[in-house]
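Student: My questions all concern the structure below.
The values are calculated or read from the model by the stated rules, or taken from the named source; none is laboratory data. Nothing here was measured: the structure is a model prediction, and the numbers come from that model. FYI the Cβ positions are ideal-geometry reconstructions off the backbone, even for glycines, and counts take in every protein chain you see.
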Amino acid sequence: MLQRGYRKEESLTRHWAGQVIELCTDIDDETLTEYTKPIEDAIKVLDRDRRVVFLGDSKSGKSSLLAGLLQYPAIAKTEMTDDYRCWRYRNNDGDATCSTFIPLENLEGLELTDTTGAEQESARETLLALAQTADVVIAVVDARKTDEAAVWDILAALPQERRSAALIAITHTDKLAAEDALRLKDSLREFCRKRLSSTPALYFISPTTMKGMEGFTQRVQEALNSPYGLRAAIRKVIDLSNDLLNRQYQILRAREAVSQNDNGFLNSIDREIDNFLSHQLTGIKNYTDAYSDAAIQALPATLTALKRAFGHWLSPVTLVRLNRFGPGAEQYYYNKLCKEILSRQEVSDANFVASCAGHWAHVRPRMKKSMECEIGDFPEQELHKELSNLRTRLSRNLYKPFSQDKMRRRISEIFESCTQWMQLFIFIICLCLISAGVLGFLNMTMAATWMLVSTGIVWVIGSLLHLSTARSIRKDFVHLAEKLQETMLTGMGEDIKALLTSRVAAYRQLYTEPRRKVERNDSLLKPLQQRHLNITRQISSILPR
């Protein structure tokens, strides 16, 4: 019978994760607050009953299979009145909604959920939500109607990793001919590859005769303890605890590196950084000019893509796609512009980091001499990470000129202006083709031929007009890009100033962290380090393999 595993590991995980959280109180650092709430939430997930969800069409044998797994026949005779029913040993969470409690001690900590037929559209959303929160999903498929089973739609809606980890139980195989039963497994594998883009495990089960039940029960138990089941919940708590431990280690290491604080010296460092900022702000105009020039440099590639997408001749496909050209062209141009500007910004940031590294190398021996404090090697990766976040923020700000100029709407209007004449030409061409077909059917060959010739002439005229329109659209796009360039020249100054200020602030932040910790008493620091080391070892020792 099924049972909840990893009891000892769960208990140890909860205990030592709690110790990690308690250590935060003694360390007393504001940055640790954001790490504790996810751990507490993960512990709540770990404490809940582990859920096994049975999905399948009506009469596919879900209840019988569940009853066979638990060796509790009464389950198969229970009428389903709601979208689902949870079979549990004890009400552990205080929620008895849709729950039925049965006297099976091995079921302690588990929740086996029987569901209504997957073909019921009204319950589809509920069943999908249940499947997404399940530790194990068991899809029950009637062997007599595998292809049309509605449960495949629910499985296909699951994330790929959950879909491939689902267990497929094939029932009622005893009602098939022997030859059909032999071919069923291979055909189902091929069906799963096409429908689910994966090949889940298939099990031929007969709950009434108990054929295959022992092996299937063992497989369900393995799935419960798998990386997608209970072990995942344990690992989640451990991983989050390790993240917090890593952050605590960084804080304790910073406190160890900085033992004393000299406000006068640190204020002199701040003045040097302020002068550095003033020098950076003198280059705002250069940045503005470079960004606005990028609006023109990103134009050729956009025009080429626009020309290729719009086509070279009149086509119904172009007409159908007209409403997507506006947003698509704007997005493509925006992406090209961002790529051009961010590549330049990366070069600028690299030079900035080199300047900061030089300043850090100059400060480090002075701090060691004046404060007897070793601040360590320059944390280049940390600064690069923060500058990457600033570049991401810059890419968002780059959309402001697009929004201000209402570029998407104007591009869409340009394309929408082509709709009427394209519809007219397509209509005439279709009319001529239909007429040619009718005349040909009536054996009026000459007239039909003339109609085909007329069709070709109309298409050639339309294609020439299409080419002319394409050139006109590209000219209009160039005009919009030039206007965007002007907008960027006048409107990007504040954003660039904020970027340069934030960039220097990121470097300044490298000094503020050790400054805030420099007054820590060594007598308090060492016990904290020892506790941290002990907790780290204990957490590492309970990682499930």
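Student: Only one of these is touching a Gly at 6+ places or on another chain (Cβ under 7 Å), of a type in the set (A, V, I, L, M, F, W, C) and either farther than 30 Å from Phe477 by Cβ or touching a residue at least 60 places away in the same chain (Cβ under 8 Å) (or both): Ala295, Ala233, Ala223, Ala254. Name it.
Tutor: After ruling out the rest, the residue left standing is Ala223.
Student: Can we say Glu40 is touching a helix residue (DSSP H, G or I) at 6+ places or on another chain (Cβ under 8 Å) and among the charged types (D, E, K, R)?
Tutor: yes
Student: Are there helices (runs of 4 or more DSSP H) fully within the stretch 363-416 with at least 3 residues that are under 23 Å from Phe276 (Cα atoms) and either out of contact with any His (no Cβ under 9 Å at 6 or more places or on another chain) or touching a residue at least 60 places away in the same chain (Cβ under 8 Å) (or both)? List them.
Tutor: 380-397
Student: While we're looking at this one, here's another question. Out of the stretch 5-28, which residues are crowded, with 18+ Cβ neighbours inside 10 Å and part of a loop (DSSP other than H, G, I, E, B)?
Tutor: Across the stretch 5-28, the qualifying residues are Gly5, Tyr6.
Student: Another question, if that's okay. Within the bounds of the stretch 331-349, is there any residue that is under 29 Å from the mean Cα position of the chain (by Cα) and of a type in the set (Gly, Ala, Ser)?
Tutor: yes
Student: Could you check, for the stretch 181-188, whether at least one of its residues is more than 23 Å from Asp49 (Cα to Cα) and not in a helix (DSSP H, G or I)?
Tutor: No, the stretch 181-188 contains no residue that is more than 23 Å from Asp49 (Cα to Cα) and not in a helix (DSSP H, G or I).
Student: Could you check the stretch 203-218 and list, in sequence order, the residues that are among the hydrophobic types (A, V, I, L, M, F, W, C) and either modelled with pLDDT of 85 or more or within 22 Å of Cys192 (Cα to Cα) (or both)?
Tutor: Hits for the stretch 203-218 are Phe204, Ile205, Phe216.
Student: Okay, moving on. Could you pull out the residue among Phe352, Phe325 that is part of a helix (DSSP H, G or I), assigned by TED's automatic domain parsing to the domain that holds Glu416, buried (at least 19 other Cβ atoms within 10 Å of the Cβ) and over 30 Å from the mean Cα position of the chain (by Cα)?
Tutor: It is Phe352.
Student: So in the stretch 480-498, with the set limited to residues that are among the small types (Gly, Ala, Ser) and closer than 11 Å to Pro401 by Cα, which one is surrounded by the fewest Cβ atoms within 10 Å (Cβ to Cβ)?
Tutor: Gly491
Student: Taking interchain pairs and intrachain pairs at least six residues apart, which have beta carbon atoms under 9 angstrom, with the first residue in the stretch 182-193 and closer than 18 Å to His172 by Cα and among the charged types (D, E, K, R) and the second surrounded by 12 or more Cβ atoms within 10 Å (Cβ to Cβ) and at pLDDT 85 or above?
Tutor: Sorted first by the residue in the stretch 182-193, then by its partner, the pairs are Lys185/Ile170; Lys185/Leu202; Lys185/Phe204; Arg189/Leu202.
Student: On the given criteria, is Thr512 touching a Pro at 6+ places or on another chain (Cβ under 7 Å), part of a helix (DSSP H, G or I) and modelled with pLDDT under 85?
Tutor: no
Student: Taking the stretch 43-60, which residues are assigned to a helix (DSSP H, G or I) and either out of contact with any helix residue (DSSP H, G or I) (no Cβ under 7 Å at 6 or more places or on another chain) or of a type in the set (Lys, Arg) (or both)?
Tutor: Residues satisfying the conditions are Lys44, Asp47.
Student: For the stretch 253-265, does any single residue satisfy the condition of being closer than 26 Å to Leu525 by Cα, surrounded by 16 or more Cβ atoms within 10 Å (Cβ to Cβ) and among the aliphatic types (A, V, I, L, M)?
Tutor: Among the residues of the stretch 253-265, at least one is closer than 26 Å to Leu525 by Cα, surrounded by 16 or more Cβ atoms within 10 Å (Cβ to Cβ) and among the aliphatic types (A, V, I, L, M), which makes the answer yes.
Student: Quick one: count up the residues across the stretch 133-152 that are under 22 Å from Arg85 (Cβ atoms) and loosely packed, with under 14 Cβ neighbours inside 10 Å.
Tutor: 1
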